[in-house]
Amino acid sequence: MNFTSPRRRFAQAAVAGLALTGLLTACGGSDSGDGAKSSGPVTLPFWGWANGQEAVVKAFNASHKDVKLKYTKVTDQLTMQKQLTNAVKAGNAPCLVQNTAEYVTSWVSQGALADISQYVDGSKDKFNPGSWASAQVQGKSYGVPTSSAPNFTIYRTDIFTKYGIKPPTTWDEFIAAGKVLKKHGVKITNYAGEDPSTLEVLAMQAGAHWYTIDGNSWKVDFQDAGTLKAAKVIQEIIDNDLNSKLSFADYAAVQRNYDNGGTATRQISTWQMAGMVQNFTKSFGKWALSPWPTFQGEAAKTPAGTNLTGSVTLVTKQCKNIQQAAEAALWMSTDTGAVKTMASPTTGNGVMPALKDSDSYVADAISDKLLGKNYQPAQKIVTDSLSTVTTDWTFGPDWTAMFTEMQAGWAKVVNKQEKVTDLLAHMQEWTVKDLKSRGISVEG
């Protein structure tokens, strides 16, 4: 089920409605405004890492006379955070940066981002609610969403047919199917020891809230009912040895395992199909889609944290041309040509657009080569999933540090050295202490 790839995983979720006063550290940041003038076109430095962005920048520059984008490709998500941190400190941050929703609150707390609400909020209705919320804090917009990620299960039809298994509709059925597959030497999912996103997204789906606002304080809760419900599912999968334990550090090996039939399902989004197509040699046409499993008795819900790849284009406060940067970000997320470029797994990242009406892009974003005769029915699975993404998840101001700490504990969970509940108890204590050490008001 893991979501890591050579491109850093990301999560997209709602962070609107946060009361920043007293909740976030108040760091500096120079607002140079957007009134800079020159004799030639305004040049906006833009940092990103996603496939297809260079083509989008080229198209933007060809269609705009007075504003030009200067693109710099960064290696990946983690490299972006390090380079942006250094640039902000040095006072030379780019105008536009690709980023992901889990970092937005942290960057706002550091005074690094510009409030561009006045330039982009008029286009809010063009986007789906979950995506729009991903670039907001306290109801203010600091960027423009670039993608949404409907999620679903992709599974090996030949293996399921051979062993008489139907696509699981619930996590209980998923575990039952895993037990059948185990008898035949096949795993139903993969848990990489470095990637606790599985725990994150199942908790999110179950209605958990690790970070919330209570008055003027953050509230931390890694042991609420939703989180414990998710922990139970994960623990049962691990206890019964239903999961592979392949690290995405060897991405090709993971893909070979799926291609060879060692693992029979993944919970993924459209963009991950590109990696499968690029690495498979044997199983084309043997895959199909089914909805993301639900918890027993609950309606379909796609965890917001499963929205993978670059989800927002942010505007920095150090930009001298904030209005032009905001408008450029909006163009990249709404121009038909730009959106199609990024949606295609061939020219872009295979990501679904953040737009409210994305149905017309589904056929381009999934692989007929991978799905074969299952390509047409798969389109409805993706379309239906677009309307089930959760919108009420909040990323805390220390999300990066928290997730890094969780990674170490997750490795122990996957290797049966500790229980999921042990990890959650540790994260509860650790996160409260971490926020307090940052001078942030917290309870939990």
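The values are calculated or read from the model by the stated rules, or taken from the named source; none is laboratory data. Please read these numbers as outputs of a predicted model, since none were measured by experiment. Counting neighbours? That spans all protein chains shown, and the Cβs are built from the backbone with ideal geometry, glycine included.
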Subject >> Residue among S109, S117 that is in contact with a Cys (Cβ under 9 Å, 6 or more places away or on another chain), surrounded by fewer than 24 Cβ atoms within 10 Å (Cβ to Cβ) and of a type in the set (S, T, N, Q) >> reply: S109
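Filter the stretch 82-99 down to residues that are of a type in the set (S, T, N, Q) and surrounded by 18 or more Cβ atoms within 10 Å (Cβ to Cβ) and give me whichever is nearest to V339 (Cα to Cα). Can you show your working first?
Quick first cut of the stretch 82-99, residues of a type in the set (S, T, N, Q) only: 83, 85-86, 92, 98-99.
Those still in the list that are surrounded by 18 or more Cβ atoms within 10 Å (Cβ to Cβ) too: 98-99.
On the way: Q98: 15, N99: 17 Å.
Only one residue tops the list, namely Q98.
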**OP:** Go through (1) surrounded by fewer than 21 Cβ atoms within 10 Å (Cβ to Cβ); (2) out of contact with any strand residue (DSSP E or B) (no Cβ under 9 Å at 6 or more places or on another chain) and name the single condition E102 misses.
**Re:** (1)
Original post:
What number of residues within the stretch 359-373 are in contact with a strand residue (DSSP E or B) (Cβ under 9 Å, 6 or more places away or on another chain) and of a type outside the set (S, T, Y)?
Top reply: 7
Original post:
Does at least one position in the stretch 374-384 carry a residue that is surrounded by 15 or more Cβ atoms within 10 Å (Cβ to Cβ), in contact (Cβ under 8 Å) with a residue 40 or more places away in the chain and farther than 21 Å from I154 by Cβ?
Top reply: no
**OP:** Go through the residues of the stretch 365-375 one by one and say whether even a single one is touching a Leu at 6+ places or on another chain (Cβ under 9 Å) and at pLDDT 90 or above.
**Re:** yes
**OP:** Go through the stretch 135-155 residue by residue and tally those that are of a type in the set (S, T, N, Q) and assigned to a strand (DSSP E or B).
**Re:** 5
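Sort through V97, V67, V120, V88 and tell me the only one that's within 20 Å of the chain's Cα centre (by Cα) and of a type outside the set (S, T, N, Q).
The unique qualifying residue is V97.
Of the residues D364, D392, only one is in a loop (DSSP other than H, G, I, E, B), among the acidic types (D, E), surrounded by fewer than 22 Cβ atoms within 10 Å (Cβ to Cβ) and touching a residue at least 12 places away in the same chain (Cβ under 8 Å); which? Before the answer, list the steps.
Numbers: D364 fails: in a loop (DSSP other than H, G, I, E, B).
Of the residues listed, the single one that is in a loop (DSSP other than H, G, I, E, B), among the acidic types (D, E), surrounded by fewer than 22 Cβ atoms within 10 Å (Cβ to Cβ) and touching a residue at least 12 places away in the same chain (Cβ under 8 Å) is D392.
Counting just the residues of the stretch 254-293 that are of a type in the set (G, A, S) and at pLDDT below 95, which one comes out surrounded by the fewest Cβ atoms within 10 Å (Cβ to Cβ)?
Here is the first cut: in the stretch 254-293, the residues of a type in the set (G, A, S) are 261-262, 264, 269, 274-275, 283, 285, 288, 290.
Add one more test, that the residue is at pLDDT below 95, and what stays is 269, 274-275.
Working: S269: 27, A274: 22, G275: 20.
The selected residue is G275.
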**OP:** Could you figure out which of (1) without any contact (Cβ under 8 Å) to a residue 60 or more places away in the chain; (2) farther than 22 Å from K73 by Cβ isn't true of F295?
**Re:** (1)
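Take the residues of the stretch 313-367 that are small (G, A, S) and out of contact with any helix residue (DSSP H, G or I) (no Cβ under 8 Å at 6 or more places or on another chain): which is farthest from Y71 (Cα to Cα)?
Here is the first cut: in the stretch 313-367, the ones small (G, A, S) are 325-326, 328-329, 333, 337-338, 343-344, 348, 350, 354, 358, 360, 363, 365, 367.
Still in the running and out of contact with any helix residue (DSSP H, G or I) (no Cβ under 8 Å at 6 or more places or on another chain): 325, 358, 360.
Details: A325: 13, S358: 26, S360: 28 Å.
So the residue we want is S360.
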Subject >> Where K126 falls short, out of the listed (1) under 24 Å from A55 (Cβ atoms); (2) crowded, with 22+ Cβ neighbours inside 10 Å >> reply: (2)
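Can you name the helices (runs of 4 or more DSSP H) wholly within the stretch 204-317 that have at least 3 residues being within 30 Å of L84 (Cα to Cα)? Reasoning before the result, please.
Details: elements: 225-239, 251-260, 272-279.
It comes to 272-279.
Could you list all residues from the stretch 182-210 that are acidic (D, E) and either closer than 18 Å to D224 by Cβ or surrounded by 22 or more Cβ atoms within 10 Å (Cβ to Cβ) (or both)?
Across the stretch 182-210, the qualifying residues are D195, E200.
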**OP:** Please specify each residue of the stretch 370-386 satisfying the condition of being in contact with a helix residue (DSSP H, G or I) (Cβ under 6 Å, 6 or more places away or on another chain) and not β-branched (V, I, T).
**Re:** L370, L371, Y375, A378, Q379
Original post:
Among M406, M342, M427, which is under 21 Å from Y103 (Cβ atoms), in the same structural domain as W107 (by TED's automatic domain parsing) and touching a residue at least 24 places away in the same chain (Cβ under 8 Å)?
Top reply: M342
**OP:** Could you list, in sequence order, all residues of the stretch 156-168 that are assigned to a loop (DSSP other than H, G, I, E, B) and hydrophobic (A, V, I, L, M, F, W, C)?
**Re:** I165
